[in-house]
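Notes to accompany the following structure.
The values are calculated or read from the model by the stated rules, or taken from the named source; none is laboratory data. None of these values were measured; they are calculated from a predicted model. Cβ placement follows ideal geometry from the backbone for every residue including glycine, while neighbour counts extend to all protein chains displayed. Note: areas computed on protein heavy atoms with side chains; ligands, DNA, RNA excluded. Shrake-Rupley method; radii C 1.70, N 1.55, O 1.52, S 1.80 Å.
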Amino acid sequence: MASTIQIPRIVVGGAASGVGKTTVTVALIGALRARGLRVAAFKCGPDYLDPSYHERALGAPSHNLDGWMMGRDAVVGTFARIARDAQVAVVEGMMGLYDGVAPDSDDGSSAEIAKWLGAPVLLVVDASGMARTIAALAKGYAEFDRKVRVAGVVANRVGGRGHLDLLRQACRDVPIMGGFPTDPELTFPERHLGLFAATAAAVPQKVFERWSAVSREWLDLDAIVGIARSAPALKVSDESAKSQTQPRARIGIAHDEAFHFYYDDNLRRLESLGAELIRFSPVRDETLPEVDGIYIGGGYPEVEAERLASNAPMIAGIRAFAANGGPVYGECGGLMYLAQSIKTLDGRAWPMAGLVPGEVLMVERLQALGYVEVETRAPSILGAAGLQFRGHQFRYSVLEIPNERPVARLYSVKSRWGGVEFEEGYSVGNVLASYVHAHWASNPTAAEGFVESCARWRSEHR
């Protein structure tokens, strides 16, 4: 069954990475909320950090839409589910508008998402040092793919009102919807994985309030809302899967300053399969809640290494759960926590859970970045051997495993951009940990397998 829904929507695309898409998105969300509109927010691609800024501006979670990992049906379905009751949806793009997983197609790009959603694009351009050239740039983006409707431009980092007026006069084919002057006091802080997560400690609330005010002052909000409302009706498949009413298993989700990188779609799938999700903090909680499985996502365990290492009761609880055969699944930061120790850049080694042999070493240089395809080489807590799914890696650490303590590697991993296939997915008993951030929309049976493993353990031990 299929139906159509009418949701005003817009994609905030970029001429390139670093032009200010997140700033424009956050400012726009705040300004639209100040108008009393119900706003839904999304992020194209695998990024975990930008959505945390959306969430601070919105007061509600933002959701990832990744064309390569999720596929069209899951992207459109997720968008429709989240935005159904919104009065306007704002989707932040990734990289440049047409940048994706291949140099000769729009696969995995913001442009692909815009086409799937039938959403007009607001193009963000770094206009510093630019005059009439903005007209050529905007015209090129608009005409490169006629199926992508570039409906307006935001000129970021302008020199002032006079500069913005000059750009408006020059850019006739694609109208300029406004622009932002450079303000160092409102710059979002960055570190090795990109922006800091938008915690209150990292970014004060007044910054978000100020960007909302700047947006109301410098953007033509009436015109932008008009562009969003011009989006056509969107055809969506009616979701037939219903969440189980009785929980089959309780899954602990590590969620705190150290671990907060999760795809909402993954968590929703677990719930729809009958999992009750119980959040806990490896940093602050001394007791592991009563659960039938543990999911430790990515984040910054190296930043919180001292606090994680000093929380001996939590480490003991996780070790005891694993020793009793409890399913434990870790991704990236979760792998780091499940290792024997984390050695930070200052040379200090912090003891961790010790469920995976080896020490994690933080390094200065990026060690992995990009999409990967995984195939399991043996049965695991995710299901049978031969299970295939897609994911993403982004890390500044390596896991060094001593020769005298070999560990099973259940994943055969292949980079989307080529390179040597390698073995990963470290498994000890019912513990499975990897640097790969998996997206289970690419193969929902992985989520089914994990819930089944947790439910089976529950039936045997509760």
Extreme residue, least open to solvent (accessible area, probe 1.4 Å), among residues of segment 248-279 that are assigned to a loop (DSSP other than H, G, I, E, B) and of a type in the set (A, V, I, L, M, F, W, C): ALA258
Neighbours by Cβ (under 7 Å, 6+ apart or cross-chain): first from segment 412-423, within 19 Å of ALA102 (Cβ to Cβ) and open to solvent by 70 Å² or more (accessible area, probe 1.4 Å); second in a loop (DSSP other than H, G, I, E, B) and not charged (D, E, K, R): ARG416/VAL101
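Residue-wise test of (1) touching a residue at least 24 places away in the same chain (Cβ under 8 Å); (2) open to solvent by 10 Å² or more (accessible area, probe 1.4 Å); (3) in contact with a strand residue (DSSP E or B) (Cβ under 6 Å, 6 or more places away or on another chain); (4) closer than 29 Å to ASP256 by Cα.
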| residue | (1), (2), (3), (4) |
| --- | --- |
| SER17 | yes, yes, no, yes |
| CYS44 | yes, no, yes, yes |
| ASP50 | yes, yes, yes, yes |
| TYR53 | yes, no, no, yes |
| ALA86 | yes, yes, yes, yes |
| MET94 | yes, yes, yes, yes |
Positions within segment 23-56 being outside any helix (DSSP H, G or I) and modelled with pLDDT under 90, in sequence order: ASP47, TYR48
Residue in segment 346-359 that is modelled with pLDDT of 95 or more, under 27 Å from ASP264 (Cα atoms) and open to solvent by 20 Å² or more (accessible area, probe 1.4 Å) present: yes
Residue among VAL407, VAL398 that alone is in contact with a Phe, Trp or Tyr (Cβ under 6 Å, 6 or more places away or on another chain), open to solvent by less than 40 Å² (accessible area, probe 1.4 Å) and more than 28 Å from GLU271 (Cα to Cα): VAL407
Flag for ALA320 being more than 20 Å from the chain's Cα centre (by Cα) and open to solvent by 20 Å² or more (accessible area, probe 1.4 Å): yes
PHE389 being more than 26 Å from ALA323 (Cβ to Cβ) and aromatic (Phe, Trp, Tyr): yes
Cβ-Cβ under 9 Å pairs, at least 6 apart or on other chains, segment 149-176 side without any contact (Cβ under 8 Å) to a residue 60 or more places away in the chain and closer than 22 Å to PRO120 by Cβ, far side in a helix (DSSP H, G or I) and among the acidic types (Asp, Glu): ASP173/GLU143
Condition met for ARG307 (closer than 24 Å to GLU55 by Cβ, touching a residue at least 60 places away in the same chain (Cβ under 8 Å) and basic (Lys, Arg)): no
Every residue from segment 368-392 that is modelled with pLDDT of 95 or more and either of a type in the set (Lys, Arg) or farther than 20 Å from THR445 by Cα (or both): ARG377, ARG390
Test: residue in segment 281-296 that is closer than 27 Å to PRO46 by Cβ, among the hydroxyl-bearing types (Ser, Thr, Tyr) and either under 26 Å from the mean Cα position of the chain (by Cα) or modelled with pLDDT of 95 or more (or both): yes
